[in-house]
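Pasting a structure here, questions to come.
The values are calculated or read from the model by the stated rules, or taken from the named source; none is laboratory data. These numbers come from a predicted model, not from an experiment. Every residue, glycine as well, gets a Cβ built from its backbone with ideal geometry; the counts of neighbours run over all protein chains shown.
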Amino acid sequence: MPKICTSIEQSKKLIELGLDRKTSDMYYWCGSDLRIGGYKAQDEEGDIPAWSLSALLDILDDIMVDDEGNEYSLTIYKEEGLYYINYHDRWGAVDDIETDCYYDLVDACVAMIELLHEQKLL
């Protein structure tokens, strides 16, 4: 079954990477029981922001330019039930930035955000 948002572990990782919790559109309410809630991350200390697929896609720019001026275009592929995301240089001058294959598009988006952060492109 497809996920509707990032897991708690993924959400914590995205926060560690510096994503602003205000870009999230859901949250895990951490009261007496853990549950997904609402449409915006609450400011309560125990709540953990969560990002829906739509919010993750909003974070990924459709066109990206690196420090050397190379322009990359965002592409999302689904093949045989697997998703992967890449940024490709249409001129073939530089290597593409691409994720591994994932059964869930949310997982592929999180992986791409991590890659972009590692390469200091996000």
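For residues in the stretch 44-75 being among the small types (Gly, Ala, Ser) and in a loop (DSSP other than H, G, I, E, B), which is nearest to ASP107 (Cα to Cα)? Don't jump to the end; show me each part of the working.
The initial filter retains those residues of the stretch 44-75 that are among the small types (Gly, Ala, Ser), namely 46, 50, 52, 54-55, 69, 73.
Within this subset, residues satisfying the condition of being in a loop (DSSP other than H, G, I, E, B) are 46, 69.
Working: GLY46: 24, GLY69: 29 Å.
Taking the candidates together, the pick is GLY46.
Tell me, yes or no, whether the stretch 98-107 has at least one residue that is aromatic (Phe, Trp, Tyr), without any contact (Cβ under 8 Å) to a residue 60 or more places away in the chain, in contact with a strand residue (DSSP E or B) (Cβ under 7 Å, 6 or more places away or on another chain) and assigned to a loop (DSSP other than H, G, I, E, B). Write out each step before concluding.
Step one: list which residues in the stretch 98-107 are aromatic (Phe, Trp, Tyr), which gives 102-103.
Those left that are additionally without any contact (Cβ under 8 Å) to a residue 60 or more places away in the chain: 102-103.
Add one more test, that the residue is in contact with a strand residue (DSSP E or B) (Cβ under 7 Å, 6 or more places away or on another chain), and what stays is 102-103.
Then drop every residue that is not assigned to a loop (DSSP other than H, G, I, E, B), which leaves 103.
Yes, some residue in the stretch 98-107 is aromatic (Phe, Trp, Tyr), without any contact (Cβ under 8 Å) to a residue 60 or more places away in the chain, in contact with a strand residue (DSSP E or B) (Cβ under 7 Å, 6 or more places away or on another chain) and assigned to a loop (DSSP other than H, G, I, E, B).
Then there is this: Can you find even one residue in the stretch 48-61 that is within 17 Å of GLN10 (Cα to Cα), touching a Lys or Arg at 6+ places or on another chain (Cβ under 8 Å), buried (at least 17 other Cβ atoms within 10 Å of the Cβ) and modelled with pLDDT under 90?
yes
Identify, please: which residue in the stretch 12-39 is at pLDDT 85 or above and in a loop (DSSP other than H, G, I, E, B) and is, among those, surrounded by the most Cβ atoms within 10 Å (Cβ to Cβ)?
SER24
Filter the stretch 89-122 down to the residues that are in contact with a Ser or Thr (Cβ under 7 Å, 6 or more places away or on another chain) and not β-branched (Val, Ile, Thr), then identify the one that is surrounded by the fewest Cβ atoms within 10 Å (Cβ to Cβ). Walk me through it before giving the result.
Of the residues in the stretch 89-122, the ones in contact with a Ser or Thr (Cβ under 7 Å, 6 or more places away or on another chain) are 90, 106, 108, 110-112, 115.
Cutting the leftovers down to not β-branched (Val, Ile, Thr) gives us 90, 108, 111-112, 115.
On the way: ARG90: 8, ALA108: 25, ALA111: 19, MET112: 23, LEU115: 18.
Only one residue fits best here, namely ARG90.
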